[in-house]
1. With the cut-off at 29 Å, tell me which of the pairs LYS101/LYS159; LYS231/LYS362; LYS101/LYS231; LYS155/LYS326; LYS159/LYS356; LYS159/LYS305 have Cα atoms farther apart than that.
2. Quick one: pull the percent of accessible area on the range 206-324 belonging to carbon and sulfur, 1.4 Å probe, ligands and nucleic acids left out.
3. Could you work out the relative contact order of the range 2-75, using alpha carbon pairs under 8 angstrom and six or more residues apart, expressed as a whole percent?
4. So what is the orientation-averaged projected area of the range 2-75, using the convex hull of its C-alpha atoms, in nm²?
5. Enumerate the whole-percent occupancy of each 10 Å bin, from 0 to the last occupied one, for all C-alpha pair distances of the range 149-193.
6. In Å², what does the accessible area per residue of the range 193-336 work out to with a 1.4 Å probe?
7. Per-residue accessible area for ARG433 at 1.4 Å probe radius, Å² rounded to 10?
8. Roughly how much of MET135 is accessible, in Å² to the nearest 10, using a 1.4 Å probe?
Amino acid sequence: MAKVKIAGTWAGVLEVELDNWTVPMLREEVAKRSNCEPGSINLICAGRVLKDGDCSENLTQLGVKNNAKILASRVSAQEGKSLGQELMAESERAQRLARVKAAATALSKRHADGSLPIEDFNIVLEDQSGKKVQMGSETDQRAIMMGLMLHTNAKQLIKAQNYQDALEVLTMGEEAFSLCDPKVIELVDNPSILQIDMVWCYFMLRDINWLSVAGIRLEKAREGLERAHGKDSSRVRLLQEGRYPERALYLRLELLEGVVAYHSGQVDKSMKVLTSAQEKFTQLQVPDESLSLVMSMGFRERDAKRALRMSNQDVSSAVDFLVAQKAKTAQKQEDDIRRRDEIKEQKKYGTTPLKKAVDIEKLNQLVSIGFEKELAAEALRRNENDSEKALDDLTNPETNSSIQQHLESRKSKRQRQAVDASVEALVRMGFDRSLAVEALRGGGTMDQAIRRLLSGQAPNPTNAADQPEAIPAVDANNNNQSDAATDIANSLASILDDQNGEVGVPSTSSNASERDAEMESELAEELAQADAFTDYDIEVTKEGEAISEYLALLNSAGTK
């Protein structure tokens, strides 16, 4: 028997068998003498916490020797539970942040490089008028897209007052923007707004430790805004027909500059910028009468308030803005529908050797000069969307004939695949394979083939060898189909969509299985809900309270 000296919740000497006793046995003995539960006892020996492990190791194996000193401390079971929950929550948080970054990376790559979209939408870069813009190289496009997605996600976290996670995502967004050519990034104000949002998170977390870096970020933000907006926002004023969409953003910027100046001992500068911020706050207050008047015309409160703030409280200008925005929204919905149709069409043509989608705009140009659409699409697909090379192939009789033969071969292959898939579907429903083949040879829809099988009207399989092989057309659009037949037809359509690409070109289905569809959909939904003015649409209540708080501090210190 060996002896160990216990101190802490219970003091004394215990006789133990070091080669036979385990940590749980020692913990239970100490707990019994301390009049508490074993789960509330923490054992420390030689500066190391003794853990239960899998209970297979004895005390000797854990390094406990004769006359060892062990400290027994008592911990709250609830505290232990809370710590475990906290660690689990931190792990989940880290995992979610990693998913956000991975999804933004994947989406930006797919939607910037011309790849065939997996989803039924395209992410494009637009200016404030909603016009599609091409900014720099493919790398620049990807960097800006990724930065915008992460920034938008961070804004949702800020709205939910989850400032710590928002900072993490904003840092990712900052990294993404840094990958873009500086000359290109200077043309947009998004990186500058991101800097302001980061400092806003510092402020809301009341994290004074970030004071020095906050000042640097705000300087970068102001310089970037002046480049993008023009001196005194002259460029914005011109583009927005005299309106002031950026006023709330500059209010937040000046508030934060005033806070940094105050804590840096620059009281005069703090007073100056905070006074300017207070003036902007007053200008952004919407009179109840004006708000009621605009809302009476059928506009929502949030939209009416934003329009009035942007229009210097001018009701007529606010209404004009809202009407224009409504028209833009309707046009965007039409464009989205058209784009979904285009994507569906692109999937029919497969991908180029470099896995790009067929360019619909170039395809329409070739069709407009008289070429058959599917033929032109195949020429573009083979030539990586090079219109001139595609035109050379189409006007060369030999190459044109070769492309037509290839299309006919592919069409026949698809039909055979459709028949095979139809047969397999019927076999899975319990029908005999030979009878299913004969029923499909009778032509018509899947529903008609099923009815033929159920009624016993399928041709005699013994005569199948004497009948010429027929390839039925599987009609997935018959409104009289039963629900079961409709499901099968839809499945077949999906199978065919996946097989429309060329031999040797992997379909998007393998990529789809690897992607985080849930997180990508979340990011895409956040982007869909935003518009050109979302970054400027700030509810300034918290800013107003902070301005009053710091002006009061300055005044109480005798600053004038």
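1. Beyond 29 Å between Cα atoms: LYS231/LYS362; LYS101/LYS231; LYS159/LYS356.
2. The C+S portion of the solvent-accessible surface of the range 206-324 is 51 percent.
3. 45
4. 4.1
5. Taking all Cα pairs of the range 149-193, the binned fractions are 30, 49, 19, 2 percent.
6. 52
7. 120
8. 30
The values are calculated or read from the model by the stated rules, or taken from the named source; none is laboratory data. Quick caveat: nothing in here was measured; it's all calculated off a predicted structure. Ideal geometry is used to build each Cβ from the backbone, glycine not excepted, and the neighbour counts take in all protein chains shown. For the accessible areas, the whole protein counts, side chains as well, though only heavy atoms, and no ligand, DNA or RNA atoms are used. Shrake-Rupley method; radii C 1.70, N 1.55, O 1.52, S 1.80 Å.
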